[in-house]
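Any read-out appearing in this document is the output of simple, stated calculations on the displayed coordinates, not a laboratory observation. Values in this document were obtained by computation on a predicted structure and should not be read as measured data. Neighbour counts are summed over all protein chains in view; Cβ atoms, including those assigned to glycine, are modelled from backbone coordinates with ideal geometry.
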Amino acid sequence: MIRFIYFDLGNVLLFFDPDLACRRMAEVAGVTPQEVKRAIYDSRLMEVYELGRISSDEWYWIFCHRTRSQPDYEKLLYAAGDMFTPNEAVWDLAKHLRRSGYRLGILSNTCDAHWRYCRRHYADGLRLFEVAALSFELGVMKPSEEIFHKAADLAGVPPAEIFFVDDRPEHVAGARQVGFDAVRYEAADQLAEELRRRKLLGPTGE
C-alpha cells in the first residue's frame, strides 16, 4: 500500500530552462551567456554544487574566478534560480492528493541557490510537501540508490510504500531498484492515470 508520494522538482513540479539562467547570470555579471555556461555547466561545477560538496559562497567565488567578474552575490544567486515556471497541472494533482490525506515530499537533484529561489517564489505550494529530500543536503544524487534509501528514511516508511515520479528514466530505474513504485513523468494526464491505476486518485481527479 502506498503511504507516501515523492515528486521530482525539475520538469515535474517546475519547468526549468538552464539557458535562461545563463542569460540571467550573464546580465548580472556583465559577461556572455556562453562564458557562464562554460564556467558552470560545461565544467560540472553545477553538479558539484548540487552534491553539496561546495557552499554557495564557494560556488560564487569559483564563478567569479572563471568569468573574471565580481557580480553582486545575492543577485547572482537569484539569477541562477530565475529559470523556473510552475507546472500548474501537476501542482493541482499534488493538491488533490494532499486533500485526500496522502503525505507528500520532494525528491530532487538541486542546489542551494535553486532551492532558495523556489522557497522564495513558491512558498505556499511547497507547504503541501512535508519532506524535502534534496541532493545538496543529503550529499548524494539520483540515480544513486543511496539517495532513495535516505529519502525513505526521511519519509519514515519502507521503500515499497513510496510512489515516486521523475522525468528521467535513469532516476525512475534507480528508485525501482530500491523498491519504490516509480514512473516516468511525460504529461499531467499520464501521471493522473498512473495515480488512478493505483487508486491514489479518484476517477475525476479527486
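How many angstrom lie between the Cα centre of segment 54-69 and the Cα centre of segment 104-147? Segment 54-69 and segment 104-147 have Cα centres spaced 22 Å from each other.
Across segment 68-74, computed HN-Hα scalar couplings (Karplus, 6.51 cos²θ - 1.76 cosθ + 1.60, θ = phi - 60°) run 6, 9, 9, x, 4, 4, 5 Hz from first to last residue, x flagging Gly and Pro.
Here's how it looks for Leu14: its modeled amide H is under 5 Å from those of Asn87, which are all 5 or more places away or on a different chain. Distance between the modelled labels on Asp153 and Ala123, one decimal in nanometres: 3.1 nm (7 Å Cα→Cβ projection). Using the Karplus relation 6.51 cos²θ - 1.76 cosθ + 1.60 with θ = phi - 60°, the per-residue 3J(HN,Hα) values for segment 42-57 come to 5, 8, 6, 4, 5, 4, 5, 5, 5, 7, x, 7, 10, 7, 4, 4 Hz, with x marking Gly and Pro.
Taking amide H positions as modeled 1.01 Å from N, with prolines and chain starts lacking one, the residues under 5 Å from Ala182 and 5 or more places away or on another chain are Phe164. Working from label points 7 Å from Cα in the Cα-to-Cβ sense, the Glu27 to Glu145 distance is 4.6 nm. Pairs of Cα atoms nearer than 8 Å and 6+ residues apart set the relative contact order; for the chain it is 26 percent.
The base-10 log of I(q)/I(0) for segment 18-81, evaluated at q = 0.18, 0.22, 0.27 Å⁻¹, reads -0.53, -0.82, -1.31 [Debye formula, identical scatterers on Cα atoms, solvent excluded]. Residue separation of Arg176 and Cys64 scaled by 0.36 nm, minus their Cα-Cα distance, works out to 36.3 nm of gained length. Full extension of the chain between Arg197 and Arg99 yields a length gain of 33.4 nm, computed as 0.36 nm times the residue separation minus the alpha carbon distance.
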